[in-house]
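Structure first, commentary second.
Nothing in this text is a laboratory measurement; each read-out follows from the coordinates by a stated rule. Because the structure is a prediction, the values reported are computed rather than measured. Glycine gets a Cβ as well: all are built from the backbone with ideal geometry, and neighbour counts include every protein chain shown.
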Amino acid sequence: SEEKGNQIRVWCDGCYDMVHFGHANSLRQAKALGDYLIVGIHSDYEITKHKGPPVFTEEERYKMVRGIKWVDEVVEGVPYVTTLETLDKYHCDFCVHGDDITMTADGVDTYHLVKAAGRYREVQRTAGVSTTDLVGRMLLMTRQHFRQGPLEYDVGHEGSSQLGLDSDARSPYTGCSQFLPTTQKIIQFSDGKPPKANDKIVYVAGAFDLFHVGHLDFLEKARAEGDYLIVGLHTDPIVNRYKGSNYPIMNLHERVLSVLACKYVSEVVIGAPYAVSKNLMEHFKVDLVCHGQTPIQPDADGSDPYAKPKQLCKFKLLDSENTMTTEKIVDRIIRHRLEF
Ligand code: CTP
Ligand code: C5P
């Protein structure tokens, strides 16, 4: 922890189970209210006691929040009810939470103490994204949440209406997500910093669907290969071509925000071509292209999407040392839903 001085120190706390860009957006707003942001995260034991077991382990949850670029410090295993002692211990001026009420198992507002002491501030929850909504999309094994072409604006009917469990997270357009992406949000999430003249530029591309600890470990390694990391995100139809089923769970706009919130990422290409071309490499002055240990799916014509960087000796396979995948998350969540 840093010297207090005259800086404003902000406290946030929560479960941060299945971290998504809604969580990131609340941390972004919290950080903007001060100079230094500390995030307290509840242990598995504490969450289980108050609302049932989380899907992600505390180690995974701590790591995900540490990866968010507005977070200066994480405190592990904080109590469910925020106390003045906790704020004082970490020299925080006030506590910030989204504009929804959180209760303990006994129905007590978890922020009643800090509210009474005038050390509570509220930020706006991000509409259209929640764990409940994402789970609904996973259970919904159809493509309705990202229908293209004439069906895109067709009001959803079967399936989604029963499974979109969170009423504020549904849309008349897709029958599932109501998150409305704006350029404003992208600006707020992005650094807007171009690479410096001698920066070594690293490029990676992928789906980065349901941004998870495996992605985070991979991006940390990729960033360590250079000074400036560009992440290319494939469009929803491209991801669906090689992943099948109802993938991606998050649409391109949502994946952009999830990746932009990561502290290792410098820039994002919105809708990157599947194959890494010479043209793309020249355009972004790419020095190195990386991919993790997951299989490299061939392009639509059967060719290797990394043929060009390989030929230019600008390709490197990295080992994230993490075996998490989007598919494993979907499996874990479906099992969790059946059990609890
Ligand atoms: N949050 C937000 N927007 C969302 C979801 C969460 O601003 N769409 C905020 C919450 O208001 C809180 C913080 O993220 O300040 C972390 O709280 P947590 O207990 O993890 O969030 P939940 O409300 O349980 O979020 P979800 O249901 O999406 O998991
Ligand atoms: O599967 P997806 O396209 O989202 O993966 C993006 C990148 O992250 C790929 O290079 C993949 O190999 C890498 N990754 C990884 N470790 C994981 C999951 C993904 O290195 N556990």
Separation of the ALA117 and LYS49 label points, Cα + 7 Å toward Cβ, nm: 1.9
Inter-label distance for GLN188 and GLU59, nm, one decimal - labels placed 7 Å from Cα along Cα-to-Cβ: 3.4
GNM top mover of ARG61, ARG121, ARG255 - the chain, alpha-carbon springs below 10 Å: ARG121
Diffusion constant of the chain at 37 °C, which comes from Stokes-Einstein with the Kirkwood Cα-pair radius and 0.692 mPa s, µm²/s: 154
Alpha-carbon centroid distance for the pair the range 311-340 / the range 50-97, whole angstrom: 25
Percentage relative contact order, the chain, counting C-alpha pairs under 8 Å, at least six apart: 15
Inter-site label distance for GLU321 and LYS285 at 7 Å from Cα along Cβ, in nm: 3.2
Sorted by Cβ neighbour density within 10 Å, fewest at the top, the residues CYS313, CYS12: CYS313, CYS12
Contact order relative to length of the range 247-307, as percent, for alpha carbon pairs under 8 angstrom and 6 or more apart: 27
Alpha-carbon centroids, the range 179-247 and the range 102-124: separation in whole Å: 35
The chain: most fluctuating residue of THR182, THR126, THR325 per GNM, C-alpha cutoff 10 Å: THR182
Full-extension gain in nm, LEU33 to ILE296, via 0.36 nm per residue minus C-alpha separation: 90.4 nm
Size of electric dipole in the chain: Cβ of Lys, Arg +1 and of Asp, Glu -1, about Cα centre, debye, nearest 20: 760
Most mobile listed residue (ASN279, ASN322, ASN25) in the chain, GNM with C-alpha springs under 10 Å: ASN279
Integer Hz, Karplus 6.51/-1.76/1.60 couplings in order for the range 202-207, x for Gly and Pro: 10, 10, 10, 9, x, 8
For q = 0.14, 0.21, 0.26 Å⁻¹, Debye-computed log10 I/I(0) when each Cα of the range 292-340 counts as one equal scatterer: -0.57, -0.85, -1.00
Convex hull volume per residue for the range 4-124, taking Cα atoms only, in Å³: 95
